[in-house]
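Participant: Pasting a structure here, questions to come.
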Amino acid sequence: MSIQTPLGRVRGYGSAKSGTQHFWYQRMTAVALVPLTLWFVWAVVRYTGAPHAEVMSFLSHPVSGIAMAMFVVVGLVHMLLGAKVVIEDYIHRESTKIALLVLLHFAVFAVALTCVVAVLRILT
Amino acid sequence: MSEARTKVRAAARPLAPHLQIYRWPITMGTSILHRITGVGLAFGTLLLAWWLVAASEGPESYAVFEAAAGHWFGRFVLFGFTLALVYHAMNGVRHLLWDAGIGINLQAANRSGLIVYGLTLVTTLVIWVVAYQSMGAWQ
């Protein structure tokens, strides 16, 4: 039996894993996604079924191109944080869990780069 | 004396949950739906990537995307995508309000859950009506 208080025992070890970082990033991306999603929905409604040239002229404007890239990147970071928790909650076999988490990170990086490159190709 | 009292208590104790008459609490439904729509939207990002790549590739690739999106099954998937996006966004705002300490009690949470359900249905339908109109339907 130690006479240390519970607080004294854990002091100095730092937070368990990453502390509140995950929580904070999830909220920050959520807040950013509110206006970005409104804009995205407007854009999709406006340009649904529009001819290719019209879509291109919309996305090749720097403001809309950058907004689209931001929506994709912020959305995918938000999705990465959420999907990570879902995998950690439901997959209990350590090997499967780690494999899925690695796959998730690879997939998010690939999709994000693909989208950003596509937007850059339209912009230039 | 004390034995008799425990017996009476044991008999009167309700068997919970009554699975046959169990109703999902509203907050349970909204919470599970938030997660399901989130997972759905994660896969939906592939559609977004397809749209952007098709546009950047040129008119031929874009026509392939348009044909898939115009097919009844494509429309069905896109409707689900819209529904999931609108729900997740609106319920997400509800979560952000809770984080700010607003409406975080049972009555308010139940009420805001029903409001989110209603707003999601109305908003999704309005989006699709306006989208069809901008495509020149019903003219």
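The values are calculated or read from the model by the stated rules, or taken from the named source; none is laboratory data. No experiment lies behind these values; they were computed from the predicted model shown. Neighbour counts run over all protein chains shown; Cβ positions are idealised from the backbone, glycine included. Keep in mind that these areas ignore ligands, DNA and RNA; they rest on the heavy atoms of the full protein, side chains included. Shrake-Rupley method; radii C 1.70, N 1.55, O 1.52, S 1.80 Å.
Participant: So, R0 is 45 Å and r is the distance between the beta-carbons of B:A67 and B:Y22; what FRET efficiency does that work out to, to 0.05?
Facilitator: Given R0 = 45 Å and the Cβ-Cβ separation, E is 0.45.
Participant: Here's something else I'd like to know. Estimate the FRET efficiency between B:I32 and B:Y132 by the formula 1/(1 + (r/R0)^6), using the beta-carbon distance for r and 35 Å for R0, to the nearest 0.05.
Facilitator: Once rounded, the FRET efficiency stands at 0.70.
Participant: Now for a different question. Determine, from the Cβ-Cβ distance of B:V122 and A:W42 and an R0 of 22 Å, the FRET efficiency 1/(1 + (r/R0)^6), rounded to the nearest 0.05.
Facilitator: According to the calculation, E is roughly 0.85.
Participant: Nearest 10 degrees is fine. How inclined is helix A:21-47 to the longest principal axis of chain A, computing both from alpha carbons?
Facilitator: On a 0 to 90 degree scale, this one is about 20.
Participant: Which of the trypsin sites (Lys or Arg not before Pro) found in the range A:60-124 are in a DSSP loop and have at most 13 neighbouring Cβ atoms, other than their own, within 10 Å?
Facilitator: Passing both the DSSP loop test and the Cβ count: A:R93.
Participant: Could you give me the percent of Cα pairs per 5 Å distance bin for chain A, shortest bin first, beginning at zero and ending with the bin that holds the maximum distance?
Facilitator: Pair shares across the bins are 2, 9, 13, 15, 15, 11, 10, 8, 6, 3, 2, 2, 1, 1, 0, 0.
Participant: A:Q4 versus A:Q21, label points 7 Å from Cα toward the beta carbon: distance in nm?
Facilitator: According to this spin-label approximation, the distance is 2.4 nm.
Participant: Please report, for the Cα atoms of the range A:34-87, the Rg to one decimal and the Dmax as a whole number; what are they, in angstrom?
Facilitator: Reported Rg and Dmax, both Å: 13.4, 41.
Participant: Interface A/B, total buried accessible area with a 1.4 Å probe, nearest 100 Å²?
Facilitator: 2500 Å²
Participant: What helices in chain B pass both tests, a Cα length along the helix axis of 27 Å or more and a mean Kyte hydropathy of -1.0 or higher, using whole DSSP H runs?
Facilitator: Taking the DSSP H segments of chain B (at least 27 Å long, mean hydropathy at least -1.0), we get B:26-57, B:72-99, B:106-134.
Participant: May I pose another question? As a test of reading the structure, rank A:H78, B:H95, B:H18 by solvent-accessible area (1.4 Å probe, protein chains only), most first.
Facilitator: If we order A:H78, B:H95, B:H18 from most to least accessible, we get B:H18, B:H95, A:H78.
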